[in-house]
Amino acid sequence: METERASAVKPVLADLQRVFGDRLEAVVVYGWRSHGPVPTLALVRTLSIEDLNACAARTRAWRRAGAATPLLLRRADFVRSLDAFPIEYGEIIQQHDVVFGTDPFHGLAISRDDLRRACEGQVKSHLLHLREDYLESGGHYSDVDALVRESAPAFEALLRHLARLDGQTANSPGDLVHHAERRLLLDPRTVGDLIALAETVGPAPVDPVKLFPAYLETMERLADFVDQWREA
């Protein structure tokens, strides 16, 4: 785990150990993006309102250290919720570092059917919101620009989820573009431009407004793909 991420979670771990004592079973750091507050998940044996109050008193200090407020769950609750949150929990299982305890996800797997249904819901929701938000923008340049920029990270995440549905690990932009072209039959230039927007902080590397028609077509193709998905 990178030094910066490790430093950010030190106060979180110390406080969780103080609050939960031997009820703390595992703490993991997860997430794909290197910027922003560091996300953590803590699995505990029991969880009470007193525990929540004790943690709530420390959240500001955690944020100052660069850590996000941790997810607090009993391991049994995590396991029972795999079918309800196959994308979110699947990413934690796939991309995490253990900072306390033993790996709590050993032997756990996300159902392919649960993941496909969740991907379908996210793809179609993304497409509906693109259309709706474009109408709401009235076609104004600045509003369409913001729409494309702000939705690009979610598009990148969708591609990552679809790669995982195919059993592929796509950690880099190049991996995502390759999978999108070969398996999803998407235009690699459009995909690459959208990923570049998602990865960029500051001036856009491409014109988001000019990209919108191709973006919309790409999402329509993804909706068709996930409808007809079959294991490769």
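A short reminder: the numbers here are calculations on the coordinates, not readings from a lab. Here the structure is a predicted model, which is why all the values come from computation and not from measurement. Neighbour counts are summed over all protein chains in view; Cβ atoms, including those assigned to glycine, are modelled from backbone coordinates with ideal geometry.
List the pair-distance distribution P(r) of segment 112-227, using every Cα-Cα distance, as the percent of pairs falling in each 5 Å bin from 0 up to the bin containing the longest distance, rounded to whole percents.
With a bin width of 5 Å, the distribution comes to 2, 12, 24, 25, 20, 11, 5, 1, 0.
Once the cut-off is 25 Å, how many percent of the Cα-Cα pairs in the chain end up in the long-distance tail?
That tail contains 49 percent of the Cα-Cα pairs.
Cβ under 14 Å from D175's Cβ, D175 left aside: what net charge do those residues give with Lys, Arg +1 and Asp, Glu -1?
0
Roughly what % of DSSP beta bridges within segment 3-100 run antiparallel, to the nearest 5? Numbers along the way, then the final one.
Details: 9 of 14 bridges.
Bridges in segment 3-100 that DSSP calls antiparallel: roughly 65 percent.
In debye, nearest 20: dipole of the chain around its Cα centre with unit charges on the Cβ of K, R (+) and D, E (-)?
Computed about the Cα centre, the dipole is about 760 debye.
Net charge near F105, counting Lys/Arg +1 and Asp/Glu -1 over other residues with Cβ under 13 Å of its Cβ?
Cβ neighbours under 13 Å give a net charge of -3.
Ranking Y30, Y215 by Cβ neighbours within 10 Å, fewest first, what do you get? Walk me through the intermediate numbers first.
Details: Y30 18, Y215 23.
Listing Y30, Y215 from fewest to most nearby Cβ atoms yields Y30, Y215.
Could you work out the local net charge near V191, counting Lys and Arg as +1, Asp and Glu as -1, over the other residues with Cβ closer than 10 Å to its Cβ?
-3
By how many nm would the segment from N171 to K124 lengthen if fully extended, with 0.36 nm per residue of separation less the alpha-carbon distance? Could you put the intermediate results ahead of the total?
Working: separation 47, 0.36 × 47 = 16.92 nm, distance 2.32 nm.
Gain on stretching N171 to K124: 14.6 nm.
Calculate the spin-label point distance for E50 paired with S7, positioning each point 7 Å from the Cα along the beta-carbon direction, and give it in nanometres.
In this crude spin-label approximation the distance works out to 3.6 nm.
Would you kindly state how much longer the chain becomes between R189 and E88 on full extension, computed as 0.36 nm times their sequence separation minus their alpha carbon distance, in nm to one decimal?
Stretched fully, the R189-E88 segment lengthens by 33.6 nm.
Among A198, P37, S137, whose Cα sits farthest toward the positive end of the charge dipole of the chain (+1 at Cβ of Lys/Arg, -1 at Cβ of Asp/Glu, about the Cα centre)?
P37
Expressed as a whole number of Å, what is the distance separating the alpha-carbon centroids of segment 15-63 and segment 165-186?
Distance between centres, Cα-based: 33 Å.
Name the long-range amide H neighbours of V44: under 5 Å, sequence gap of 5 or more, or other chain; modelled H, no Pro or chain starts.
Amide H neighbours of V44, under 5 Å, 5+ apart: E25, L73, R74, R75.
Skipping prolines and chain starts, which residues have an amide H placed within reach, meaning under 5 Å, of the one on F100, given they are 5 or more residues away or on another chain?
V27
Charges at C-beta only: +1 for Lys and Arg, -1 for Asp and Glu. How large is the resulting dipole of segment 3-100 about its Cα centre, in Debye rounded to 20?
For this selection, approximately 320 debye.
Considering Cα pairs under 8 angstrom that are at least six residues apart, work out the relative contact order of segment 112-227 and quote it in whole percent.
Values: 99 pairs, mean separation 41.7, N = 116.
In percent, rounded to a whole number, it is 36.
Once you place label points 7 Å from the Cα toward the Cβ at A61 and Q228, how far apart are they in nm?
Spacing of the two 7 Å Cα→Cβ label points: 5.7 nm.
So what are the ³J(HN,Hα) numbers for segment 99-116, from phi and the Karplus equation (6.51, -1.76, 1.60; θ = phi - 60°), rounded to whole Hz, Gly and Pro as x?
Here the 3J(HN,Hα) series is 10, 7, x, 9, 4, x, 9, 4, x, 8, 8, 8, 5, 4, 5, 5, 5, 5 Hz.
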